[in-house]
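Beneath this line is the structure, given in structure tokens, with notes to follow.
The values are calculated or read from the model by the stated rules, or taken from the named source; none is laboratory data. None of these values were measured; they are calculated from a predicted model. A quick note on method: Cβ atoms are made from the backbone with ideal geometry, for glycine too, and the neighbour counts reach across all protein chains shown.
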Amino acid sequence: MKIEPFKLERWMTTYETNVRYDIAESGIFPMTAGELVELLPESARAEALNDLLATPLGYSEARGTEALRAELARTYRDLSPDDILVTTGAIEANFVLLNTLLEPGDHVVAVDPAYQQLQSVPRAIGCEVALWRLRPENGFRYDLDELERLVTPRTKLIVINTPHNPTGAVLTADELRRIYELAERLDARILSDEAYRWLELPGGEPIAPPLRDLGPRAISVGTFSKPFGLPGLRIGWIAATPDIVQTCWGMRDYISLSPGKLNDALALIALRHRDRIIARTHEIVSANLDEAEGWFARNADLVSWSPPRAGLLALMKFNLDTASLGLANHLAEDYSVMLAPGSAFGYEGYLRIGIGQSPPVFAEGLRQTERCLRELVASGVAVK
Ligand SMILES: Cc1ncc(COP(=O)(O)O)c(C=O)c1O
């Protein structure tokens, strides 16, 4: 397979380990393994730690342990462990789904902008990919009428992402139902990347139940990376019909075989205690949203945004006459701040901001960004 470079990932890996203020990250500030174990009642911690340390590090159950799949299945309506495949992050879930569901020449509609994988993999397979654009002039809202215009009788798959990376848009329960009915009419399937599930925001919009709950045409993808701050576990999953799960499992045999045993066990602890993790997340994002609101108001001459409706991400517009990649590199190299270039998503004039960083780092990252923008103006860069 020949595939185009993953622009965002290439850019992030250049800077993410050496900047002080990473406010581009798409996840919530990561938890430690110790913090995960501390979610257990005190009386159970020693035994849980012993169990983890005594785990024989052989291969794990290929689909993910029955215990983890059962716990994941319970987060959907009427699913069983056989409807779940545990994967190496949502990225592997999407990759095997796209590669098993699609053939060269298939017509696919994919959301745009997007986590690039959702467009590049179908293109690499040889599909015709129509882009369902979220437009700034529309406040980055999904336009269902436009989707209806983009599909054709040949459409095999509709790829959505809600809450959305990078705009923080959401699809409501009614909109998801409309998309499901459209897929039924077309005899198509829908892949719903729900990497930002459980990330409702104060003052934001409710997140609809997962698409998989609507019926067999719907496939939901989830992950421990974003809502739980556990990207280092590399655990995600597919929720689909057992035949799709079996086919994806067959392809996964060639890629990563099975999840890591310790990661599977830690993911199970996280899922069983997700209420407390979600409370932690709320504290972080509430503080960062307050900080951001004040910052955008103070700097309204230079920057603006539509705050995320859910999830952790938004595109920030900057009014300087400079390219987003150059600005992002300058911020990283000279101010130790990471804000992702909009050009990585095909949106010039924007930077992607994440609101999941620890609040003191987030606040300082914004202060340094302000300093950078003001110094650029003082040095003669035109304000548009
Ligand atoms: C929409 C979306 N899907 C999938 C992924 C991959 O996540 P992971 O493989 O860590 O679960 C990301 C990561 O940024 C994402 O934003």
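Just to be sure I understand, how many residues within segment 15-59 are touching a Gly at 6+ places or on another chain (Cβ under 7 Å) and more than 16 Å from the ligand (Cβ to nearest atom)? Selection size over segment 15-59: 1. Go through the residues of segment 38-50 one by one and say whether even a single one is in contact with a helix residue (DSSP H, G or I) (Cβ under 7 Å, 6 or more places away or on another chain) and either of a type in the set (Ser, Thr, Tyr) or buried (at least 18 other Cβ atoms within 10 Å of the Cβ) (or both). Yes, some residue in segment 38-50 is in contact with a helix residue (DSSP H, G or I) (Cβ under 7 Å, 6 or more places away or on another chain) and either of a type in the set (Ser, Thr, Tyr) or buried (at least 18 other Cβ atoms within 10 Å of the Cβ) (or both).
Hey, does segment 232-240 have a residue that's surrounded by fewer than 24 Cβ atoms within 10 Å (Cβ to Cβ), within 16 Å of the ligand (Cβ to nearest atom) and part of a loop (DSSP other than H, G, I, E, B)? Yes, some residue in segment 232-240 is surrounded by fewer than 24 Cβ atoms within 10 Å (Cβ to Cβ), within 16 Å of the ligand (Cβ to nearest atom) and part of a loop (DSSP other than H, G, I, E, B).
For segment 275-329, the candidate set comprises residues that are under 17 Å from PRO136 (Cβ atoms), touching a residue at least 40 places away in the same chain (Cβ under 8 Å) and more than 21 Å from the chain's Cα centre (by Cα); within that set, the residue that is surrounded by the most Cβ atoms within 10 Å (Cβ to Cβ) is PHE318.
Of all residues in segment 194-205, those being away from the ligand (no atom under 16 Å from the Cβ) and within 20 Å of VAL111 (Cα to Cα) number 1.
The set of residues in segment 76-96 that are in a loop (DSSP other than H, G, I, E, B) and surrounded by fewer than 20 Cβ atoms within 10 Å (Cβ to Cβ) comprises TYR76, ARG77, ASP78, SER80.
Among the residues of segment 76-98, those that are within 16 Å of the ligand (Cβ to nearest atom) and farther than 14 Å from ASP193 by Cα comprise ILE84, LEU85, VAL86, THR88. Note on segment 97-210: enclosed helices (runs of 4 or more DSSP H) holding 2 or more residues that are of a type in the set (D, E, K, R) and more than 18 Å from the chain's Cα centre (by Cα) are 144-150, 173-186.
The set of residues from segment 206-229 being within 12 Å of the ligand (Cβ to nearest atom), in contact (Cβ under 8 Å) with a residue 60 or more places away in the chain and out of contact with any Pro (no Cβ under 7 Å at 6 or more places or on another chain) comprises VAL221, GLY222, THR223, LYS226, PRO227, PHE228.
Consider ARG252 carefully, then state whether it is under 17 Å from LEU102 (Cβ atoms) and either among the basic types (Lys, Arg) or within 14 Å of the ligand (Cβ to nearest atom) (or both). Spelling it out, ARG252 is indeed under 17 Å from LEU102 (Cβ atoms) and either among the basic types (Lys, Arg) or within 14 Å of the ligand (Cβ to nearest atom) (or both).
Of everything listed in (1) surrounded by 24 or more Cβ atoms within 10 Å (Cβ to Cβ); (2) away from the ligand (no atom under 14 Å from the Cβ), the single unmet condition for ILE269 is (1). The number of residues in segment 134-175 being away from the ligand (no atom under 16 Å from the Cβ), at pLDDT 95 or above and either over 26 Å from GLY354 (Cα atoms) or of a type outside the set (Gly, Ala, Ser) (or both) comes to 17.
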